[in-house]
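Undergrad: I'd like to ask some things about the structure below.
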Amino acid sequence: MPQLLIHAVLLALVQSSTAVPSTTREALLVIEHVDVIPMDREHVLKDRAVVVCGEKIESIGDAASAPAGAKHIDGRGKWLVPGLADMHTHFLSDESIAEEYVEAELEVILMNGVTTMRNPIGKPSHLKLRERIEKRELDGPQLWVGSPQLTGKKTPGVFLGRELKTEAEARQAVRDFKREGYDFLKLTDFLTLPVYQAIHDEAAKQKITVFGHIGANVSLRDAMQVGQQVEHLDGWLEMLLPDDAPMRESVSGYNVWRAQKWESIDWLDAARIEPLAREAVASGMWSTPTLAFMDIAFGRVRREDEMRAAPEWRFFSDEVRAWNTRGVPAFIKMLPSEERRAKFIALRNGIVKALHDAGGKLMAGSDSPEWLLLYGFALHRELESLVGAGLSPFAALECATRNPHEWLKDLEQVGTIEPGKRADLLLLSANPLENIGNTRSIAAIVVRGKWIDAEQIATRLETARVRLASAPLLEEK
């Protein structure tokens, strides 16, 4: 009889523990009376209660359906959007400041609402950083790490990459970086076509994705054939040269630094854009155009007073600021005409609009922190540039939410606001569908279910600013 009684008690305890709803086992957050822009399609869910349980969105319902016992946030007059993704952003600590500052860098990125980032050119310490974020040892955007660059020519200064001259070297590099745990392979410039093709062939065998530049030795159609996701619209301008043009190269990639190549701008034919965009879309090509960076660096060319007025200015020490803008005097010295620079930007904008209109997939990338366009801040400028190119605010927002996660192949987990998905969210004080600049109006951030309010954002951002502003320039070894 006692054994039966003990068994009954144990059974009752098990039954009572399994009957406890999940809402009592994990912290609950309810954002009430908020307008939700879920990004699954173009619509707004008015006056909703979004329930977050642990790291996931539990439900999206009527305001009256919010459960008791939760942390309640009044979302009246505010908009909830997915956290943003920057698909092309580096760290200052990659080459100009010490790695001890990387946590402050992550803070700046996250406090600007970027909850996912792809660092194109990685190194072993980034793999450890990725692991720390995944283990929740520190707050940070979900970190995707590209390989050290695969290039045909080693560049001066800090070089994070592998110089490849032969197909055998290319295949070995692919196998090495796959084994070491990088998420993707990042290509830069100067690769010969046989080496380029060997990289893609071996990457397909090793089941690792390739993205990046294509370089002067590789055409846009070569990239279409292997399905590469292309950065910076590399190779596009060359395809706009008519057959009777006296040159075959334009100002993609490193050619922006060559005064003679800017003469090609006069020959570029905008009528070629639309059929080429349709061809690119049919091939399945994805693009990260980095419009804002290219406009500011090589189109408008920011003056120092404009740089000083930007919020990022105070995040750099004097010596790091000088290093970061070291290319400005060289470009000013060979400055192309205003007409050529304006056409350069107009054609790039036209390519982006044509790709979008043809159904192509675009992703937002800032190429920060180049030319004082600091990570986090710079992504909001990129969204404005996408709208400036002719995209709607919704389409631009897709480029930093749904689209990146579709390319990353984790859209089932994150990237839209739906029950069961990871709670990476931004609470905005103004509607981004009316003005894309309203993505800056961040009232709160939710990262993996963790609530960070406006006061915390301001404090953490300032702490990171003080830390970074004290960072000396790293001495070259």
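The values are calculated or read from the model by the stated rules, or taken from the named source; none is laboratory data. Bear in mind that the values here come from a model prediction, so they are computed numbers and not experimental data. Please note: Cβ atoms are built from the backbone with ideal geometry, for glycine as well, and neighbour counts cover all protein chains shown. Side chains are part of the model used for accessible areas, which takes the heavy atoms of the whole protein and leaves out ligands, DNA and RNA. Shrake-Rupley method; radii C 1.70, N 1.55, O 1.52, S 1.80 Å.
Undergrad: Just subtract the alpha-carbon distance of Ala322 and Asp269 from 0.36 nm times their residue separation and send over the number in nm, one decimal.
TA: 15.3 nm
Undergrad: Grab the other residues whose beta carbon is less than 9 angstrom from that of Pro82, score K and R as +1, D and E as -1, and report the net.
TA: Spelling it out: positives minus negatives among the neighbours equals +1.
Undergrad: Now for a separate question. Please tell me the relative contact order of segment 403-471 in percent, rounded to the nearest whole number, where contacts are Cα pairs under 8 Å and at least six residues apart.
TA: It rounds to 19 percent for segment 403-471.
Undergrad: Let me ask something else. Summing -39500 (n - 2.57) over the DSSP H runs of n ≥ 4 in the chain and dividing by its residue number, what mean residue ellipticity at 222 nm do you reach, to the nearest 500 deg cm²/dmol?
TA: -11000 deg cm²/dmol
Undergrad: Give the peptides 274-281, 139-146 in descending order of average Cβ contacts within 10 Å, highest first.
TA: Order by mean packing, descending: 139-146, 274-281.
Undergrad: Could you work out what % of the accessible surface of segment 318-477 is carbon and sulfur, using a 1.4 angstrom probe and leaving DNA, RNA and ligands out of the count?
TA: Exposed carbon and sulfur together represent 51 percent of the surface.
Undergrad: Roll a 1.4 angstrom probe over the protein heavy atoms and tell me the percent of accessible area of segment 56-106 that is carbon or sulfur.
TA: Summing carbon and sulfur atoms, their accessible area is 46 percent of the total for segment 56-106.
Undergrad: Kindly state, to the nearest 0.05, the FRET efficiency for Asp62 paired with Asn435, given R0 = 25 Å and r defined as their beta-carbon distance.
TA: Between Asp62 and Asn435 the formula returns 0.30.
Undergrad: Then there is this: Which three extents, in whole angstrom, do the alpha-carbon atoms of segment 246-362 cover along their principal axes, largest first?
TA: 47, 33, 20
Undergrad: Restricting things to Cα coordinates, could you compute the convex hull volume per residue of segment 381-436 in Å³?
TA: Cα convex hull per residue, to the nearest whole number: 87 Å³.
Undergrad: With r defined as the distance between the Cβ atoms of Arg76 and Thr209 and R0 fixed at 30 Å, what FRET efficiency is calculated, to the nearest 0.05?
TA: That gives a FRET efficiency of 0.10.
Undergrad: Separate question: Kindly report the accessible area of segment 135-191 per residue (heavy atoms of protein chains, probe 1.4 Å, no ligands, DNA or RNA), in Å².
TA: 43 Å²
Undergrad: Can you order the peptides 292-298, 115-121 by their average number of other Cβ atoms within 10 Å per residue, highest first?
TA: The densest-packed peptide leads the list: 115-121, 292-298.
Undergrad: From the phi of every residue in segment 255-265, what ³J(HN,Hα) in whole Hz does the Karplus formula 6.51 cos²θ - 1.76 cosθ + 1.60 yield, where θ is phi - 60° and glycine or proline is x?
TA: Along segment 255-265, the couplings run 5, 5, 8, 10, 4, 4, 5, 5, 5, 5, 4 Hz.
Undergrad: If one takes the longest principal axis of the Cα atoms in the chain, at what angle in degrees, from 0 to 90 and to the nearest 10, does the Cα axis of helix 124-134 lie?
TA: The two axes meet at around 30 degrees.
Undergrad: Next question. Taking the simple approach of a point 7 Å from Cα along Cα-to-Cβ for both Arg41 and Ala330, what is their distance in nm?
TA: The modelled label-to-label distance comes out at 5.0 nm.
Undergrad: A 31 angstrom limit on the alpha carbon distance is what I want to check against. Which of Lys205/Lys343; Lys46/Lys450; Lys205/Lys353; Lys71/Lys128; Lys71/Lys123; Lys46/Lys421 exceed it?
TA: Correct reply: Lys205/Lys343; Lys205/Lys353; Lys71/Lys128; Lys71/Lys123.
Undergrad: Right, next: Between Val466 and Glu180, what is the label-to-label distance in nm when each label sits 7 Å out along the Cα-to-Cβ direction?
TA: Spacing of the two 7 Å Cα→Cβ label points: 3.7 nm.
Undergrad: Here's another thing I want to ask about it. Over what distance in Å are the Cα centres of segment 119-195 and segment 414-477 separated?
TA: If you average the Cα positions of each part, the centres end up 26 Å apart.
Undergrad: Once fully extended, how much extra length lies between Glu304 and Asp244, figured as 0.36 nm per residue of separation less the alpha-carbon to alpha-carbon distance?
TA: 17.5 nm
Undergrad: How big, on average over all directions, is the shadow cast by the Cα convex hull of segment 97-148, in nm²?
TA: Its average projected convex-hull area is 3.4 nm².
Undergrad: Could you give the angle, 0 to 90 degrees to the nearest 10, between helix 338-357's Cα long axis and the longest principal axis of the Cα atoms of the chain?
TA: 50 degrees
Undergrad: Once the Cα gyration tensor of the chain is diagonalised, what are the square roots of 5 times its eigenvalues, in whole Å and ordered largest first, as equivalent ellipsoid semi-axes?
TA: 42, 25, 23
Undergrad: Let me ask something additional. Reported to two decimal places, what Rg/Rh ratio describes segment 350-449 when computed on Cα atoms with Rh from the Kirkwood expression?
TA: 0.96
Undergrad: Calculate the spin-label point distance for Leu138 paired with Glu95, positioning each point 7 Å from the Cα along the beta-carbon direction, and give it in nanometres.
TA: 2.2 nm
Undergrad: Send over a whole-number figure in Å² for the accessible area per residue of segment 199-271, probe 1.4 Å.
TA: Normalised by residue count, the accessible surface of segment 199-271 is 43 Å².
Undergrad: So, one more: Starting at the first residue of segment 287-297, write each ³J(HN,Hα) from the Karplus equation 6.51 cos²θ - 1.76 cosθ + 1.60 with θ = phi - 60°, in whole Hz, x for Gly and Pro.
TA: Per-residue couplings from phi come out as 9, 10, x, 6, 5, 4, 4, 5, 5, 5, 7 Hz.
Undergrad: Nearest-5 percent of antiparallel DSSP beta bridges in the chain?
TA: 45 percent
Undergrad: Roll a 1.4 angstrom probe over the protein heavy atoms and tell me the percent of accessible area of segment 180-242 that is carbon or sulfur.
TA: Summing carbon and sulfur atoms, their accessible area is 50 percent of the total for segment 180-242.
Undergrad: Also: So, in Å, what gap is there between the alpha-carbon centers of segment 334-355 and segment 207-242?
TA: Each part reduced to its Cα centre gives a spacing of 18 Å.
Undergrad: Give the angle, between 0 and 90 degrees and rounded to the nearest 10, that separates the Cα long axis of helix 454-469 from the longest principal axis of the Cα atoms of the chain.
TA: Helix 454-469 sits at roughly 40 degrees to that axis.
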